[in-house]
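Below is one structure, written out as structure tokens, with a few remarks after it.
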Amino acid sequence: MMTKSGIAVSRGGRGRPLVLCPGLLTTQADLHELTALLRRDHDVVTFDLRGHGLSRPAGEYTFAAFLADLATVLDDLEFSEPPVLAGHSLGADLVVHYAAAHPDAVSRLVVVDGANPVPEPFVTEADLPQFRAMAEHLRSEFAVVAGTARQVLLTPQDVVALNLEIDAVRSEIIEAYRRIDVPVTMIMAASMAGTGGDERTRWRNRNWRAGIDRLVRERPHIRVSWLDADHRLVLTHAPEIARLAGPGTLDRC
């Protein structure tokens, strides 16, 4: 189905309702393995953010705009009970902010390698050339899947700007967690930035863990699991994520 604002949505499975929010540069087609596993125990809704997959392009690609996409999906659907919200990367930040603003509309949160109150921003002035080069490289990958369910319409400039904005959002996200009373399960990548031996990669991984340590000190009820994976864990470790996000695990949070 397609919402009035042009967001492509799919739904399937049986059980507790769960809405799965993809991350930046990820489509619901990319998440097909995880979605299929979650549908064994859940009524799963997936969707494509604006400019991703089968959703329409838009005039702006900002955190607020993507949060509006999530709100549109939730507003347009009916659920038998408040859904579980699950999100990866940017999607994790979106579900945390939505839950903080709509405390009665969510039953639980599953946060996958995102929404992390890291002590220091990941993208510094010195990192910008590297991030711009990576974003330019993605242009060729986007061209390969153009016109398919995996297409991404964002420009390299959009990607860099979003990464900078996400850093700013995460610098204050602990305030959102303080407004959340529902159970939270976090599934994090132990090597979020990869397994390279250079100091910058090692620092990013330490910074990632330090953010979670900070969060759990303040919100000790949050359940955290670390997977031996990098940031692509939703693609490479779908069975583990589905198990940790399953109804039995969530009920014990």
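The values are calculated or read from the model by the stated rules, or taken from the named source; none is laboratory data. Keep in mind the model is a prediction, meaning the values are calculated, not measured. With ideal geometry, Cβ positions are generated from the backbone for all residues, glycine too; neighbour counts draw on all protein chains shown.
Would you confirm, using the coordinates I've provided, whether Ser107 is farther than 20 Å from Val160 by Cβ, buried (at least 22 other Cβ atoms within 10 Å of the Cβ), more than 16 Å from the chain's Cα centre (by Cα) and at pLDDT 95 or above?
On the way: farther than 20 Å from Val160 by Cβ: yes; buried (at least 22 other Cβ atoms within 10 Å of the Cβ): no; more than 16 Å from the chain's Cα centre (by Cα): yes; at pLDDT 95 or above: yes.
For Ser107, the condition - farther than 20 Å from Val160 by Cβ, buried (at least 22 other Cβ atoms within 10 Å of the Cβ), more than 16 Å from the chain's Cα centre (by Cα) and at pLDDT 95 or above - is not met.
Table: residues versus (1) part of a loop (DSSP other than H, G, I, E, B); (2) surrounded by 14 or more Cβ atoms within 10 Å (Cβ to Cβ).
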position	(1), (2)
Thr148	yes, no
Val160	no, yes
Ile166	no, yes
Thr185	no, yes
Met188	no, yes
Met192	yes, yes
Arg209	no, yes
Arg217	no, no
Pro220	yes, no
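Just to be sure before I move on: is Glu120 closer than 30 Å to Asp228 by Cβ and surrounded by fewer than 16 Cβ atoms within 10 Å (Cβ to Cβ) in the structure I sent? Break it down into steps so the answer makes sense when it comes.
Numbers: closer than 30 Å to Asp228 by Cβ: yes; surrounded by fewer than 16 Cβ atoms within 10 Å (Cβ to Cβ): yes.
Answer is yes for this residue.
So which residues in segment 202-231 are without any contact (Cβ under 8 Å) to a residue 40 or more places away in the chain and among the basic types (Lys, Arg), if there are any at all?
Selection gives Arg202, Arg206, Arg209, Arg217.
Looking only at segment 76-91, decide whether some residue is closer than 19 Å to Asp48 by Cβ, without any contact (Cβ under 8 Å) to a residue 40 or more places away in the chain and outside any strand (DSSP E or B).
Filtering segment 76-91 for residues closer than 19 Å to Asp48 by Cβ gives 76-77, 83, 85-91.
If we keep only those that are without any contact (Cβ under 8 Å) to a residue 40 or more places away in the chain as well, we get none.
So far as segment 76-91 goes, no, none of its residues is closer than 19 Å to Asp48 by Cβ, without any contact (Cβ under 8 Å) to a residue 40 or more places away in the chain and outside any strand (DSSP E or B).
Any idea which of Ser140, Ser191, Ser171 is of a type in the set (Ser, Thr, Tyr) and under 23 Å from Ala229 (Cα atoms)? Before the answer, list the steps.
Numbers: Ser140 fails: under 23 Å from Ala229 (Cα atoms); Ser171 fails: under 23 Å from Ala229 (Cα atoms).
None of the other options fit; the residue is Ser191.
All but one of (1) among the charged types (D, E, K, R); (2) farther than 18 Å from Arg204 by Cα; (3) modelled with pLDDT of 95 or more hold for Arg139; state the number of the condition that does not hold.
(3)
With respect to Glu81, determine if the residue is more than 19 Å from Asn163 (Cβ to Cβ) and over 18 Å from the mean Cα position of the chain (by Cα). Step through it out loud before you land on a result.
Values: more than 19 Å from Asn163 (Cβ to Cβ): yes; over 18 Å from the mean Cα position of the chain (by Cα): yes.
Spelling it out, Glu81 is indeed more than 19 Å from Asn163 (Cβ to Cβ) and over 18 Å from the mean Cα position of the chain (by Cα).
Can you report the number of residues in segment 10-23 which are closer than 22 Å to Phe142 by Cβ and surrounded by fewer than 22 Cβ atoms within 10 Å (Cβ to Cβ)?
So the answer is 1.
Within segment 67-101, restricting attention to residues that are touching an Asp or Glu at 6+ places or on another chain (Cβ under 9 Å) and of a type in the set (Ser, Thr, Tyr), which residue is modelled with the highest pLDDT?
Residue satisfying both the conditions and the ranking: Ser89.
Identify all residues within segment 32-51 that are surrounded by 21 or more Cβ atoms within 10 Å (Cβ to Cβ), over 20 Å from Thr72 (Cα atoms) and in contact with a helix residue (DSSP H, G or I) (Cβ under 7 Å, 6 or more places away or on another chain); write none if there are none.
Leu34, Leu38
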